[in-house]
Amino acid sequence: MKPRRQQLILDLISLDYHETVMAAAGHQAEQVLQETITKYDGKFICVVEGGIPTKDNGIYCKIGGKTVMSLLVEMAMDAAAVVAIGSCASWGGIPSSDPNPTGATSAHEVLTSKGVKTPVVNIPGCPPNPYNFLSTVLYYVTFKKLPELDDQARPKFAYGRIIHENCERRPHFDAGRFAVHFGDEGHRKGYCLFKIGCKGPETFNNCPTLLFNDIGSGAWPVGTGHPCFGCSEKGVGFTVPLHSPARPKYITPPSFFTDVFPGKEGVGAGTKALAAGVAGVAIGAAGAAMLSGLGKKDEDNKDKGE
Ligand code: SF4
Ligand code: F3S
């Protein structure tokens, strides 16, 4: 059963600091931050949203008079783990796009460059699916360890497969039925969006199976008729032009297509693969949040004098 939002925040985790979801403001809020770090030394999760400006010593983003870059290092040093939520925190996202005037980069890059060894989990997406974030945090709360991660530090339960594998339009792709222009007959009939730039064949995410906003089938970009633009994939979203064809990871579409069901307009139900859903409740996340009372600190950081 999914926990309700208030149950989640008040009973399952302790949300001690969040720039917007907290009663305190200004100096009082920053005091809470320092008290939380001291109180839960090594037993809190630091959640980061947004790319980290690094140019000119990080002056392009400050909270409470400190640069976000220095705050991240300070908090991560004492955290059990860092969760980077969204593409910006995970790999730089929009602010890191060329020409990247603020030198924005990911939380992971900043921490690595400063020699901080606290484990980082990336939950990329624009937006990231809140269930993927929540499942990661609750996994840690339950098992006192992080879920299995891929080579980009993404939880495998969420980013283990490319979108194209589970897309409900995949039978149209296999049968060679495509939308060629927005609003054309193929688009109106719900055909595959590959030819109008869908990046599903090169994007790892569980959007087609987890969906968004708890409103049922079709509640994801491709389900609404918009090509996936690879928002969660480094080197694809905000990098490759929207109209460019995808560079499929595992399959190369043939230059000609044959009908798998000759003479039929559509394909039968049941072709859509289903992946395991993850229970939880959606919560918004903005700025940095600290979820305390969890796990143990990575001893590596205790040796660092920063
Ligand atoms: Fe779905 Fe896009 Fe793959 Fe077509 S190219 S099947 S729309 S993910
Ligand atoms: Fe993003 Fe593509 Fe999913 S644009 S939200 S990864 S369908």
Whole-Hz ³J(HN,Hα) for each residue in segment 101-109, computed from phi via Karplus 6.51 cos²θ - 1.76 cosθ + 1.60 with θ = phi - 60°, x for glycine and proline: what do you get? x, 9, x, 5, 8, 7, 4, 4, 4
Tell me, what is the FRET efficiency for I215 and N57 to the nearest 0.05, using R0 = 45 angstrom and their Cβ-Cβ distance as r? 0.50
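Could you compute the FRET efficiency for Q34 and V180, with r as their C-beta to C-beta distance and R0 at 45 Å, rounded to 0.05?
0.20
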Please compare each pair in K39/K145; K2/K195; K145/K249; K114/K145; K195/K249; K55/K199 to a cut-off of 27 Å on the Cα-Cα distance and tell me which ones are over it. K2/K195; K145/K249; K55/K199
Which FRET efficiency value, to the nearest 0.05, do you get for K66 and H243 by plugging their Cβ-Cβ distance into 1/(1 + (r/R0)^6) with R0 = 30 Å? 0.15
Name the residues whose placed amide hydrogens come within less than 5 Å of the amide hydrogen of S14, ignoring near sequence neighbours (fewer than 5 apart) on the same chain. S292
Sorting R247, R170 on the 10 Å Cβ count, fewest up front, what's the list? R247, R170
Applying the Karplus parametrisation 6.51 cos²θ - 1.76 cosθ + 1.60 with θ = phi - 60° to the phi angles of segment 156-164, what ³J(HN,Hα) value in whole Hz is obtained for each residue in order, glycine and proline being reported as x? 5, 5, 9, 10, x, 10, 7, 4, 4
Report the relative contact order of segment 5-159, percent, no decimals, based on alpha-carbon pairs under 8 angstrom and at least 6 residues apart. 19
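Here, each number is a calculation from the coordinates, and none is a lab measurement. Everything numeric in this text was worked out from a predicted model, so none of it was measured. Reconstructed Cβ throughout: ideal geometry from the backbone, glycine too, with neighbour counts over all protein chains shown.
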